[in-house]
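Participant: Below: one structure in structure tokens.
The values are calculated or read from the model by the stated rules, or taken from the named source; none is laboratory data. These numbers come from a predicted model, not from an experiment. Cβ placement follows ideal geometry from the backbone for every residue including glycine, while neighbour counts extend to all protein chains displayed.
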Amino acid sequence: MLNIGLLGCGRIGAVHARSIKQHPDAQVTTLSDAIPAAAQALAETSGAAVLDSDALINSADVDAVIIGTPTDTHYDLIHKAAAAGKAIFCEKPIDMSAARIRDCIRAVTAAGVPFMTAFNRRFDPSFANLQARLAQGEIGDAEIITILSRDPAPPPIGYIKSSGGIFRDMMIHDLDMARFLLGEEPVQVFAVGSALVDPEIGAAGDVDTAAVTLTTASGKICQISNSRRATYGYDQRIEVHGSGGMLRAANVHENTVEVATGSGFQTAPTMHFFLERYELAYAREIAHFVEALRQGTPPGPGIDDGLKAQLLADAATRSWQDGTVVTLG
């Protein structure tokens, strides 16, 4: 049985606790949160003991830690967990600074502990199926990839101000997905963005509507479209056009029932937001982490994947700010 310590008992922490509870070979033994009430509430449903973060990390009753705390706490927690010899599962982004992520890589490498970056969308059944079929050559060589990601509504302006910007906060999932599908690293990034949804987002120095074009050395192209608003619900789609055909993953709806009347055809709404849409992906990524540790194989995506996605997000931010194409080394 893998004993897991959960750092962070907010929204994502509760999701991971539920996923672990469903797994026959793992359990949450301890948990911690800066807000005592949040820790106590999750402890009552999980049966875990509440400890402070240092005691949790150094507990002999913990084999691995899940870091679901605010991003600005990840750096210290990763270093402490690595020094304690714990396997680490960390929410994205690892840190807002690529230099600090490199520090984390050095600490994790020196300690020799497994590390997984929580890019949960790789574990979505449809997206994973699309990637596997693409890798098997079902549509030949990928030529152009289109990734659409639109939230139902923008987050509070206070969150925007501390998020690191749309490219680092929201699009980083899509940038990782682009790497997952392209099979080679982008070498050029060009980004545009506007504040069309909420002028306060623009006043905070960010954008709410953005597009990025990635190009690889062989000429493959990936287009990413993001918006903080979709009046019709949470929009998550992927299309890959290749030399021998096309693969497409559509939105997931609340149900598959379709009604046809004289007014036309109508389907159910899409899943409301990411917690509902990616519920199975969250469970599958935890299952992968547990199984990798049980078998002694490296879990993935790893810490290097977290860095590479962050570097793309940084490049997209610079491109948008400067209006130039950013070339990556």
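Participant: Please return the ranges of helices (runs of 4 or more DSSP H) entirely within region 27-110 where 1 or more residues are on the phi < 0 side of the Ramachandran plot and at pLDDT below 95.
Facilitator: 36-46
Participant: Filtering region 302-329 down to residues that are farther than 14 Å from E185 by Cβ and assigned to a loop (DSSP other than H, G, I, E, B), which residue is nearest to the chain's Cα centre (by Cα)?
Facilitator: G302
Participant: Moving to a separate point now. So which of F115, F127, F123 is out of contact with any strand residue (DSSP E or B) (no Cβ under 9 Å at 6 or more places or on another chain), of a type in the set (F, W, Y) and at negative phi?
Facilitator: F123
Participant: Could you please give the count of residues in region 271-293 that are surrounded by fewer than 19 Cβ atoms within 10 Å (Cβ to Cβ) and of a type in the set (V, I, T)?
Facilitator: 0
Participant: Tell me the residue from G193, G202 that is buried (at least 22 other Cβ atoms within 10 Å of the Cβ) and of a type outside the set (S, T, N, Q), please.
Facilitator: Answer to the selection: G193.
Participant: Limited to region 152-161, what total is found for residues that are touching a helix residue (DSSP H, G or I) at 6+ places or on another chain (Cβ under 8 Å) and either surrounded by fewer than 22 Cβ atoms within 10 Å (Cβ to Cβ) or among the small types (G, A, S) (or both)?
Facilitator: Adding up the residues that qualify gives 2.
Participant: Whether any residue in region 281-300 is of a type in the set (S, T, Y), farther than 21 Å from R11 by Cα and without any contact (Cβ under 8 Å) to a residue 12 or more places away in the chain is what I want to check.
Facilitator: yes
Participant: What pairs come up if the first residue lies in region 8-28 and is surrounded by fewer than 23 Cβ atoms within 10 Å (Cβ to Cβ), the second is among the basic types (K, R), and their beta carbons are under 7 Å apart, counting only those six or more places apart or on different chains?
Facilitator: From residues that are surrounded by fewer than 23 Cβ atoms within 10 Å (Cβ to Cβ), the pairs are D25/R294.
Participant: Is it true that R237 is in contact with a Leu (Cβ under 8 Å, 6 or more places away or on another chain), surrounded by fewer than 15 Cβ atoms within 10 Å (Cβ to Cβ) and at pLDDT 95 or above?
Facilitator: When the stated conditions are applied, R237 does not pass them.
Participant: As an exercise: evaluate I166 against (1) within 21 Å of G8 (Cβ to Cβ); (2) in contact with a strand residue (DSSP E or B) (Cβ under 6 Å, 6 or more places away or on another chain) and give the number of the one condition it does not meet.
Facilitator: (1)
Participant: Sort through T231, T261, T216, T267 and tell me the only one that's in contact with a Leu (Cβ under 7 Å, 6 or more places away or on another chain) and in the same structural domain as D322 (by TED's automatic domain parsing).
Facilitator: T216
Participant: Let me ask something else about it. Applying the selection to region 294-303, what residues are within 18 Å of I94 (Cβ to Cβ) and exposed (fewer than 15 other Cβ atoms within 10 Å of the Cβ)?
Facilitator: Once the filter is applied, which keeps residues that are within 18 Å of I94 (Cβ to Cβ) and exposed (fewer than 15 other Cβ atoms within 10 Å of the Cβ), region 294-303 yields only P298.
Participant: Now for a separate question. Could you please find all residues in region 265-284 being part of a loop (DSSP other than H, G, I, E, B) and over 30 Å from D25 (Cβ atoms)?
Facilitator: Answer for region 265-284, where residues must be part of a loop (DSSP other than H, G, I, E, B) and over 30 Å from D25 (Cβ atoms): A268, P269, H272.
Participant: Looking at T69, T73, which is the one that is surrounded by 15 or more Cβ atoms within 10 Å (Cβ to Cβ), over 26 Å from R294 (Cβ atoms) and in contact with a Gly (Cβ under 9 Å, 6 or more places away or on another chain)?
Facilitator: One residue alone meets the criteria, T73.
Participant: So, L31, is that one out of contact with any Phe, Trp or Tyr (no Cβ under 9 Å at 6 or more places or on another chain), of a type in the set (A, V, I, L, M) and within 30 Å of H241 (Cα to Cα) or not?
Facilitator: It is false that L31 is out of contact with any Phe, Trp or Tyr (no Cβ under 9 Å at 6 or more places or on another chain), of a type in the set (A, V, I, L, M) and within 30 Å of H241 (Cα to Cα).
Participant: Filter region 111-125 down to the residues that are free of Cβ contacts under 8 Å to residues at least 40 places away in the same chain and part of a helix (DSSP H, G or I) and list them by number.
Facilitator: A111
Participant: Can you tell me which residue among D54, D103 is of a type in the set (D, E, K, R), free of Cβ contacts under 8 Å to residues at least 40 places away in the same chain and under 30 Å from K308 (Cβ atoms)?
Facilitator: D103
Participant: Of all the strands (runs of 3 or more DSSP E) wholly in region 156-264, which have at least 2 residues that are in contact (Cβ under 8 Å) with a residue 24 or more places away in the chain?
Facilitator: 186-194, 209-216, 221-227, 235-242, 245-249
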